[in-house]
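Nothing in this text is a laboratory measurement; each read-out follows from the coordinates by a stated rule. Predicted model, so just to flag it, every value in this text is computed and none were measured. Here Cβ is always computed from backbone atoms with ideal geometry, including for glycine, and neighbour counts include all displayed protein chains.
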Amino acid sequence: MELIQTFDEYLILRYKPLETEFLKKFSQHLSKELPTIRKFCLEEWQKAIAYACEIQRQENKICAYMSISFLNTSMIDDKPTLQIDFYNEEWVFGESWARYRMSADFLFKYWKDFKFDALDDKFFVRSKISKVEIKALFWGTLDKLIFLFTCYVKYFALRLSYYNEFDELIKAKNFYVTCGTYLDWQNKVYAVIPEVDLLNPDANEDTTFRPVENKIFQNKKFHDLNLRGCYFEDCVFDNFTFENLNLVDANFLRCRFISTKFVNVQMAGCDLFECYFKNCTFENCSAEIDDDSDEYFAPMRMYHCYLLNLQFEGCTFENLTHIDCYYKE
């Protein structure tokens with residue numbers, strides 16, 4: 001085997017393939033161990049919220065953001081840590097008024113093996129490629145690891161609302177749970193925010209993560225909207241059209257769809273629970289994500305749904321999962 005001579009060659013021939021395999025293995029680990037990871041995280045975050053509630057009972061504090069952040073500096077001491085901060089409306093531009101830390105060891109099962117393989121000098125000329133240069137690449141890989149974790153968090157952050165402590169937390173009108181790296185990038189994973197008129201939203205209105213409950217939509221249309229992460233509960237869509245929409249990670253609970261059209265709708269990560277579909281059509285809809293996307297999306301899922309006389313044209317739903325659904329043409 002010919003040894004790699006330059007850093008650029010090492011990056012392409014050695015590091016990138018190792019990183020890709022590591023992140024793939026890590027994603028598989030998250031999928032397999034998700035119930036355990038979810039339980040551990042939610043229990044720790046419940047404690048964090050209880051601590052924030054205690055501070056609120058003593059001081060006049062409002063919570064607009066609950067930020068779950070990985071501390072890159074914790075890797076220096078080899079003690080990976082997640083930090084949960086509670087902010088007012090100023091968010092990170094102000095000071096957090098409550099802070100809680102928890103172990104993030106569960107994220108690093110394969111990290112040591114990855115570093116060993118990346119630094120293994122059997123594959124490169126030591127006199128020409130510095131291990132310091134290689135170690136500098138680890139921070140980028142670490143960022144991708146946390147981003148991937150965040151992609152999974154969005155599928156269980158909603159469960160925070162099941163806890164009494166979450167109800168007791170005094171929230172601002174717009175409340176967000178975010179996850180990412182400390183004082184750097186953060187992704188929204190859950191929100192408690194007011195409903196908006198999705199039929200006629202204001203210009204530049206943020207329509208993501210909006211709740212929609214107990215609404216009847218008849219002879220109307222949602223079109224050209226980003227409805228990512230929206231939550232629809234006990235709604236009726238009669239002779240309705242969903243057109244040119246981003247519905248990824250949206251949730252539909254006990255909704256009824258009658259003579260409804262879905263046209264050019266992205267539905268990756270959608271969850272539909274106890275929903276009823278009758279005489280509905282799907283045109284050019286997809287539950288798939290481009291192969292070059294860095295983000296993870298769970299398969300689109302239907303639980304206990306009633307599906308009667310559905311028509312599909314030009315759709316890609318290979319990743320659609322059905323659980324205890326009733327079908328009839």
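For the listed peptides 310-316, 298-304, 66-72, a ranking on the average number of other beta carbons within 10 Å per residue, highest first, reads 66-72, 298-304, 310-316. Relative to the longest principal axis of the Cα atoms of the chain, the long axis of helix 16-32 lies at roughly 50 degrees.
Here the Kirkwood formula, the inverse mean of 1/r across different C-alpha pairs, assigns the stretch 178-284 a hydrodynamic radius of 14.4 Å.
Taking the fewest neighbouring Cβ atoms within 10 Å as the starting point, the ordered list for Val153, Val177, Val263 is Val263, Val153, Val177. As a proxy for reagent exposure, Trp139, Trp185, Trp111, Trp97 were ordered by neighbouring Cβ count within 10 angstrom, fewest first; the result is Trp139, Trp185, Trp97, Trp111. Which residues' amide hydrogens lie under 5 Å from the amide hydrogen of Leu3, considering only partners 5 or more residues apart or on another chain, with H built in the peptide plane? Amide H to amide H, under 5 Å and 5 or more residues apart or across chains, Leu3 pairs with nothing. Backbone phi angles across the stretch 275-281, fed through the Karplus curve with coefficients 6.51, -1.76 and 1.60 (θ = phi - 60°), yield HN-Hα couplings of 9, 10, 10, 9, 6, 9, 10 Hz in residue order; Gly and Pro are listed as x.
For the stretch 46-91, count all C-alpha to C-alpha pairs, find those more than 16 Å apart, and express that count as a whole percent of the total.
Working: 496 of 1035 pairs.
Beyond 16 Å sits 48 percent of the P(r) for the stretch 46-91.
For Phe240, what charge total do you get from the other residues with a beta carbon under 13 Å from its beta carbon, if Lys and Arg give +1 and Asp and Glu give -1? Charge balance in the 13 Å sphere: +4.
log10 I(q)/I(0), Debye, Cα-only the stretch 7-187, no solvent, q = 0.16, 0.20 Å⁻¹? The computed values of log10 I(q)/I(0) come out as -0.96, -1.33. Per residue, the chain reaches -8000 deg cm²/dmol at 222 nm when only DSSP H runs of four or more residues are counted, each adding -39500 (n - 2.57). Suppose we keep just the DSSP beta bridges with both residues in the chain; what percent of those would be antiparallel, to 5? If I count the DSSP bridges inside the chain, around 25 percent turn out antiparallel. In this structure the amide hydrogen of Thr321, modeled in the peptide plane, comes within under 5 Å of the amide hydrogens of Met300, Arg301, Met302, none closer than 5 places in sequence on its chain. Residues whose amide H comes within less than 5 Å of that of Phe217, counting only those at least five positions distant or on another chain, are Val236, Phe237, Asp238 (H built at 1.01 Å from N in the peptide plane). For the stretch 304-321, the Karplus equation 6.51 cos²θ - 1.76 cosθ + 1.60, evaluated at θ = phi - 60°, returns couplings of 6, 9, 9, 10, 10, 6, 9, 10, 10, 9, x, 9, 10, 10, 4, 8, 6, 10 Hz by residue, with Gly and Pro reported as x.
Identify, among Gly314, Gln266, Tyr303, the residue whose Cα sits farthest towards the positive end of the charge dipole of the stretch 195-328, taking +1 on the Cβ of Lys and Arg and -1 on the Cβ of Asp and Glu, with the dipole about the Cα centre. Of the options given, the answer is Tyr303. With Cα atoms defining each centre, the stretch 288-328 and the stretch 220-283 are spaced 12 Å apart in the structure.
Shape analysis of the chain yields a ratio of the Cα radius of gyration to the Kirkwood radius, Rg/Rh, of 1.03. Paramagnetic label reach from Glu9 (point 7 Å along Cα→Cβ; backbone nitrogen cut-off under 13 Å): within the stretch 118-138, residues 123-129.
What the phi angles of the stretch 117-131 give under the Karplus curve with 6.51, -1.76 and 1.60, with θ = phi - 60°, is a coupling list of 5, 5, 9, 5, 7, 6, 10, 9, 7, 4, 6, 10, 10, 7, 5 Hz, glycine and proline written as x. Largest first, the extents of the alpha carbon coordinates of the stretch 225-328 on the three principal axes equal 35, 25, 23 Å.
For the stretch 134-150 versus the stretch 1-75, the inter-centroid distance based on Cα atoms is 9 Å.
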